[in-house]
Amino acid sequence: MKVIDISMTIQPDMEMYPGEPGPIITRMSLLERGDLYNVSTLTLGTHTGTHVDPPLHFINGGPGIDEMPLDMLVGPARIIDVSLVKGTIGPNDIGLLEPDEIIVLKGARGGARLTTAAAQYLADNNIRTVGTDALSIGAGDEEYDVHNVLLGAGIAVVEGLVLVGVKPGEYLFACLPLKIGQGDGGPARAVLIKE
């Protein structure tokens, strides 16, 4: 069995969504200073690095990250390589889908970002979860519409995956976000497992 970590490393100089501050990691106790142990504080946004968007991110009164069923984020998944697509990802770039499927889109530099039509295609096909290597799944002016379509349809959205070197195909996917009460997002550790 091979476990492939597809999570971003949380560190102060990491890539962030434009306008969002990076995480702050502060050592409170330090062995080198004579303390009995190392302990740090961590300050970060709920959409830092690899993270899950629950409905509450865009849907007023929608479920928060703590209310999302974890079976949406664990199970057989298909990696779809869309890296040769120029620009944003439309329905035809994704191909045929199965209901209740977990799909992960591997894009070119900057990641796979969907049009509203592609998001509606996923919703119409009852996809369970969609992941992307982009920091936001929505493309440009359609970003909010894409989120509203996906989250409004109850589809879990995982953003900020690291898919460099990952081949397309079938894997077991597991992505567990921090359980933040009424969280509008949850930083997560995501892995692919190949037998």
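The values are calculated or read from the model by the stated rules, or taken from the named source; none is laboratory data. These numbers were taken from a predicted model, which means no experiment stands behind them. For neighbour counting, all protein chains shown are included, and Cβ atoms are generated from backbone atoms with ideal geometry for every residue, glycine included.
Tabulated data for the structure shown
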| quantity | calculated |
| --- | --- |
| Residue list for segment 49-68, restricted to those being of a type outside the set (A, V, I, L, M) and assigned to a loop (DSSP other than H, G, I, E, B) | GLY49, THR50, PRO54, PHE58, ASN60, GLY61, GLY62, PRO63, GLY64 |
| Answer residue from segment 151-175, given it is without any contact (Cβ under 8 Å) to a residue 60 or more places away in the chain and either more than 16 Å from the chain's Cα centre (by Cα) or crowded, with 18+ Cβ neighbours inside 10 Å (or both) and is farthest from ALA190 (Cα to Cα) among those | ALA153 |
| Residue match in segment 178-188 (condition: without any contact (Cβ under 8 Å) to a residue 60 or more places away in the chain and out of contact with any helix residue (DSSP H, G or I) (no Cβ under 6 Å at 6 or more places or on another chain)) | no |
| Matching entry among THR26, THR46 (being not in a loop (DSSP other than H, G, I, E, B) and not aliphatic (A, V, I, L, M)) | THR26 |
| Qualifying residue in segment 113-129 (condition: buried (at least 22 other Cβ atoms within 10 Å of the Cβ) and out of contact with any helix residue (DSSP H, G or I) (no Cβ under 7 Å at 6 or more places or on another chain)) | yes |
| Top-ranked residue of segment 38-58 - restricted to ones that are more than 22 Å from VAL191 (Cβ to Cβ) and either out of contact with any Leu (no Cβ under 7 Å at 6 or more places or on another chain) or among the β-branched types (Val, Ile, Thr) (or both), ranked as surrounded by the most Cβ atoms within 10 Å (Cβ to Cβ) | LEU56 |
| Filter result for VAL157 (in contact with an Asp or Glu (Cβ under 7 Å, 6 or more places away or on another chain), assigned to a strand (DSSP E or B) and modelled with pLDDT of 95 or more) | yes |
| Criterion violated by LYS86 - all others in (1) within 19 Å of ALA153 (Cβ to Cβ); (2) without any contact (Cβ under 8 Å) to a residue 24 or more places away in the chain; (3) basic (Lys, Arg) satisfied | (1) |
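Quick grid of which residues meet (1) out of contact with any Gly (no Cβ under 7 Å at 6 or more places or on another chain); (2) farther than 22 Å from THR46 by Cα; (3) in a strand (DSSP E or B):
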{"position": "VAL104", "(1), (2), (3)": "no, no, yes"}
{"position": "ARG109", "(1), (2), (3)": "yes, yes, no"}
{"position": "LEU122", "(1), (2), (3)": "yes, yes, no"}
{"position": "SER136", "(1), (2), (3)": "yes, no, no"}
{"position": "VAL149", "(1), (2), (3)": "yes, no, no"}
{"position": "VAL166", "(1), (2), (3)": "yes, yes, no"}
